[in-house]
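The values are calculated or read from the model by the stated rules, or taken from the named source; none is laboratory data. If you're wondering where the values come from, they're calculated on a predicted model, not measured in any experiment. Glycine gets a Cβ as well: all are built from the backbone with ideal geometry, and neighbour counts include every protein chain shown.
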């Protein structure tokens, strides 16, 4: 969900990186450094429409977040804009307490302000945090963000790591054919979380509950490769002594993938107790009904865990 006031401010203050334009097909899109970043759709701004679509798909509760544009502006401008976004989601949750929960956005590029906003958003009912997989090109493991991670760890909060355009968009030619969405986002998440694993980040913050968006991006597919690199390359063992696949069991995952085989691999690598129904709604590739159908095709025990039990446990949601 996106606050219209937040988006207007992002476009006004986020230039020249963020621009709002229309595609040749007439779609309303946000671009980042010239690459298509997000197609805007009406349900992003309309809780009532979201609830109707949830009812139609058979979805009881949504944990919502914003996926960008997020990091821009001076400290004062950035903090004020993020407050607009969190307040809008808090109002949505207050208006629909049985249907909506929200993840806090933070001005991560200003860590002291991010810690302040984390407290304020949690006081307003946030059940976790959303962070993009890179913060203006900087790694999530950079020392400057440590104060924010320490506070999140202290609070035992779930953190959704959602991709944005990776810093290599131009170098790899992702600005054409919508390759940023098709491939770039997966690169962004995979690189961010692989770095967390090899950096010992998950050992430094033992209470973190990291959610890897889009069924873990390519991490489930690469689990064996990560392990053999750990086994054979000293650089991969500089900060960890446990195979990466063991860390993958500590992550949480959504079900935003579009093949039954991919969902099965995510469950195999991540564990049936760590995968939660998600749909990518209301993005233009979101699919509440289709992804839920793939979840419903799982064996009974897995199906119930993924449909809701795991998420209720992670976000401490009383579904009684």
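What to note about this one:
- Applying the condition of being in contact with a strand residue (DSSP E or B) (Cβ under 9 Å, 6 or more places away or on another chain) and over 16 Å from residue 257 (Cβ atoms) to segment 279-305 and asking which residue is surrounded by the most Cβ atoms within 10 Å (Cβ to Cβ) yields 305.
- Among the candidates 62, 79, 35, 57, residue that is in contact (Cβ under 8 Å) with a residue 24 or more places away in the chain and under 23 Å from residue 184 (Cα atoms): 35
- Of all the criteria given as (1) modelled with pLDDT under 95; (2) touching a helix residue (DSSP H, G or I) at 6+ places or on another chain (Cβ under 9 Å); (3) not in a loop (DSSP other than H, G, I, E, B), the one not satisfied by residue 167 is (3).
- The criterion of being within 18 Å of the chain's Cα centre (by Cα), within 24 Å of residue 211 (Cβ to Cβ) and assigned to a helix (DSSP H, G or I) does not hold for residue 2.
- Residue within segment 281-292 that is farther than 23 Å from residue 43 by Cα and modelled with pLDDT of 95 or more present: no
- One residue stands out in segment 121-131 among those that are part of a strand (DSSP E or B) and either without any contact (Cβ under 8 Å) to a residue 60 or more places away in the chain or in contact with a helix residue (DSSP H, G or I) (Cβ under 7 Å, 6 or more places away or on another chain) (or both): the one that is nearest to residue 314 (Cα to Cα), namely 129.
- Only a single criterion out of (1) in contact (Cβ under 8 Å) with a residue 60 or more places away in the chain; (2) crowded, with 19+ Cβ neighbours inside 10 Å is not satisfied by residue 14, namely (1).
- One residue alone among 178, 134 is farther than 20 Å from residue 314 by Cβ, surrounded by 18 or more Cβ atoms within 10 Å (Cβ to Cβ) and either in contact with a strand residue (DSSP E or B) (Cβ under 9 Å, 6 or more places away or on another chain) or at pLDDT 95 or above (or both), and that residue is 134.
- Single condition residue 108 does not satisfy, out of (1) outside any loop (DSSP other than H, G, I, E, B); (2) closer than 16 Å to residue 67 by Cα: (1)
- Selection over segment 152-164 of residues that are loosely packed, with under 13 Cβ neighbours inside 10 Å and part of a helix (DSSP H, G or I) gives a count of 1.
- Residue 226 modelled with pLDDT of 95 or more and closer than 20 Å to residue 149 by Cβ: no
Let's see how each residue does on (1) part of a helix (DSSP H, G or I); (2) within 25 Å of residue 126 (Cβ to Cβ):
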{"residue": "16", "(1), (2)": "no, no"}
{"residue": "19", "(1), (2)": "no, no"}
{"residue": "24", "(1), (2)": "no, no"}
{"residue": "38", "(1), (2)": "no, yes"}
{"residue": "50", "(1), (2)": "yes, yes"}
{"residue": "59", "(1), (2)": "no, yes"}
{"residue": "71", "(1), (2)": "no, yes"}
{"residue": "76", "(1), (2)": "yes, yes"}
{"residue": "82", "(1), (2)": "yes, yes"}
